[in-house]
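Colleague: Questions regarding the structure given below will be posed in turn.
The values are calculated or read from the model by the stated rules, or taken from the named source; none is laboratory data. Given the structure is predicted, the values throughout are model-derived calculations rather than measurements. Please note: Cβ atoms are built from the backbone with ideal geometry, for glycine as well, and neighbour counts cover all protein chains shown.
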Amino acid sequence: MNEPTETTNISDSSARDIFTKHADVKRSSVRELHGETLVIEQSAATNVTATDMTARQSAMVQATVTNLAATSSALVYTQATNVNLNAGSQSVAVVAAGETRMDQSAAQVLVADQVNEVKSSALGIVVANSVALRDSTVAILIARNVEGNVSPQLDTRGAVIAGAIAGAVLSVVFVATNLLMARRRR
């Protein structure tokens, strides 16, 4: 394993593997970036691991972070304790063990313990213990406690019904396929 340096500054370049305590990355691309405190601006990274990360106008494929604050950034898969997505940040999948806050952002899948505050955001599927939404849209919501005026396209009861219907339809298709295959073999 590489020994981390104290502070790393990367600007207008590309790097492969960075192990550091503190990094300031601007207008650059990095394959692997590991550190305690990372500030990433107008940059791209494939795999990021950090204690505290601030991302502005950046893109990441995979991020494993304790505390994440992202503004106008794109994240494919994020696993974090605390997540704060702001001003146009978009994520495909977010898994958060602690608190999640979103303001004018989007996530296709959000699995979190506490979704503390979601304002003016769009969410596809949300699974959480507690959710607080304001002026936001949710397609599918599965939560124990919901705060705010929420009109999901599919709630917990609807998700169970949809799952049962999908299972029944797939069972019928499976049985019909097996019967047709058996007839062709004769």
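Colleague: For segment 69-116, enumerate the residues that are assigned to a loop (DSSP other than H, G, I, E, B) and either touching a residue at least 60 places away in the same chain (Cβ under 8 Å) or buried (at least 24 other Cβ atoms within 10 Å of the Cβ) (or both).
Modeller: If the condition is that a residue be assigned to a loop (DSSP other than H, G, I, E, B) and either touching a residue at least 60 places away in the same chain (Cβ under 8 Å) or buried (at least 24 other Cβ atoms within 10 Å of the Cβ) (or both), then Ser73, Ser89, Ser105 are the ones that fit.
Colleague: Please go through (1) among the polar types (S, T, N, Q); (2) in contact with a His (Cβ under 7 Å, 6 or more places away or on another chain); (3) under 30 Å from Arg144 (Cβ atoms) for Ser89 and return the number of the only condition it doesn't satisfy.
Modeller: In the conditions (1) among the polar types (S, T, N, Q); (2) in contact with a His (Cβ under 7 Å, 6 or more places away or on another chain); (3) under 30 Å from Arg144 (Cβ atoms), Ser89 misses (2) alone.
Colleague: Further question on the same structure: Are any of the residues in segment 147-157 under 25 Å from Asp52 (Cβ atoms), modelled with pLDDT of 90 or more and of a type outside the set (S, T, N, Q)?
Modeller: no
Colleague: Let me ask another. Here is a check on your reading of the model: is Ile40 in a strand (DSSP E or B) and more than 22 Å from Ser105 (Cβ to Cβ)?
Modeller: Criteria not met by Ile40.
Colleague: For segment 142-156, enumerate the residues that are of a type in the set (Gly, Ala, Ser) and crowded, with 18+ Cβ neighbours inside 10 Å. First the steps, then the outcome.
Modeller: Of the residues in segment 142-156, the ones of a type in the set (Gly, Ala, Ser) are 143, 148, 151.
Across segment 142-156, the qualifying residue is only Ala143.
Colleague: Taking segment 121-141, which residues are over 17 Å from Asn84 (Cβ atoms) and either surrounded by fewer than 20 Cβ atoms within 10 Å (Cβ to Cβ) or among the basic types (Lys, Arg) (or both)?
Modeller: Gly124, Ile125, Val127, Asn129, Asp135, Thr137, Ala139, Ile140 - these are the residues of segment 121-141 that are over 17 Å from Asn84 (Cβ atoms) and either surrounded by fewer than 20 Cβ atoms within 10 Å (Cβ to Cβ) or among the basic types (Lys, Arg) (or both).
Colleague: Just a yes or no: is a residue in segment 4-11 assigned by TED's automatic domain parsing to the domain that holds Val111, touching a Leu at 6+ places or on another chain (Cβ under 8 Å) and either assigned to a strand (DSSP E or B) or within 17 Å of Ala107 (Cα to Cα) (or both)?
Modeller: no
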